[in-house]
1. Which ones in region 87-128 are under 15 Å from L139 (Cα atoms) and of a type in the set (D, E)?
2. Can you report the number of residues in region 109-146 which are outside any loop (DSSP other than H, G, I, E, B) and either surrounded by 12 or more Cβ atoms within 10 Å (Cβ to Cβ) or hydrophobic (A, V, I, L, M, F, W, C) (or both)?
3. Where the second residue is surrounded by 14 or more Cβ atoms within 10 Å (Cβ to Cβ) and aromatic (F, W, Y) and the first is in contact (Cβ under 8 Å) with a residue 40 or more places away in the chain and lies in region 1-12, which pairs have Cβ atoms under 9 Å and are six or more apart or on separate chains?
4. Only residues in region 42-54 that are in contact (Cβ under 8 Å) with a residue 24 or more places away in the chain count as the first member; pair them with residues that are open to solvent by 50 Å² or more (accessible area, probe 1.4 Å), Cβ under 7 angstrom, at least 6 apart or cross-chain, and list the lot.
5. Please tell me if G106 is open to solvent by less than 100 Å² (accessible area, probe 1.4 Å) and part of a loop (DSSP other than H, G, I, E, B).
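The values are calculated or read from the model by the stated rules, or taken from the named source; none is laboratory data. Since this is a predicted model, take the numbers as computed values, not measurements. Neighbour counts run over all protein chains shown; Cβ positions are idealised from the backbone, glycine included. SASA here: full protein model, heavy atoms, side chains in, ligands and nucleic acids out. Shrake-Rupley method; radii C 1.70, N 1.55, O 1.52, S 1.80 Å.
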Amino acid sequence: DPRRYFLDWLEKDGHPFWPFWQNIRGWWDIRDLPNVRMLHFSALKEDMAGEIRGIAEFLDIAVAPEHWDRIIEHCTFDYMKKNAARSAPAGGALWDGGAETFINKGTNGRWRDQLTAEDIQRYEQLALAELGEECAAWLTTGKAIA
């Protein structure tokens with residue numbers, strides 16, 4: 001049950017993986033260091049090519065123009081799904097169903113059909129309390145507060 005899993009995860013602060021709020025705060029606290037680039041999934045969905053070019057620039061990697069199309073293709077969901085065993089951590093061995101389970105649908109916001117308004121409100125309250133307004137807003141949208 002995805003909802004039950006989420007509520008357990010929320011109540012236990014990211015268990016069974018790692019402390020979620022601490023992890024986010026840790027990255028947020030160092031986001032302005034010259035060797036850190038914060039990247040949000042929604043930004044990749046909105047402009048994958050632009051974001052990948054930004055990453056290459058950030059890393060000071062010169063990419064020959066003739067390689068861009070292939071780089072972008074290899075970063076698409078369809079390519080990763082087709083090559084799931086090569087794209088998923090540990091080849092997907094950690095997930096029931098393997099790599100194809102890890103590389104699932106490539107969409108954002110599917111939780112909206114799983115969670116109640118109260119569940120979402122609880123998450124938003126915790127995010128605000130744990131992260132502060134600016135970080136919580138970035139985590140939700142990938143954008144700075146206007």
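1. E124
2. Of region 109-146, the ones outside any loop (DSSP other than H, G, I, E, B) are 110-113, 117-131, 133-141.
Next cut, either surrounded by 12 or more Cβ atoms within 10 Å (Cβ to Cβ) or hydrophobic (A, V, I, L, M, F, W, C) (or both) only: 111, 117, 119-120, 122-124, 126-131, 135-141.
Of the residues in region 109-146, 20 are outside any loop (DSSP other than H, G, I, E, B) and either surrounded by 12 or more Cβ atoms within 10 Å (Cβ to Cβ) or hydrophobic (A, V, I, L, M, F, W, C) (or both).
3. So the pair list comes out as F6/Y123; L10/F20; L10/Y123.
4. S42/N108; S42/T141; K45/N108; M48/C75
5. On the way: open to solvent by less than 100 Å² (accessible area, probe 1.4 Å): yes; part of a loop (DSSP other than H, G, I, E, B): yes.
Yes: the conditions hold for G106.
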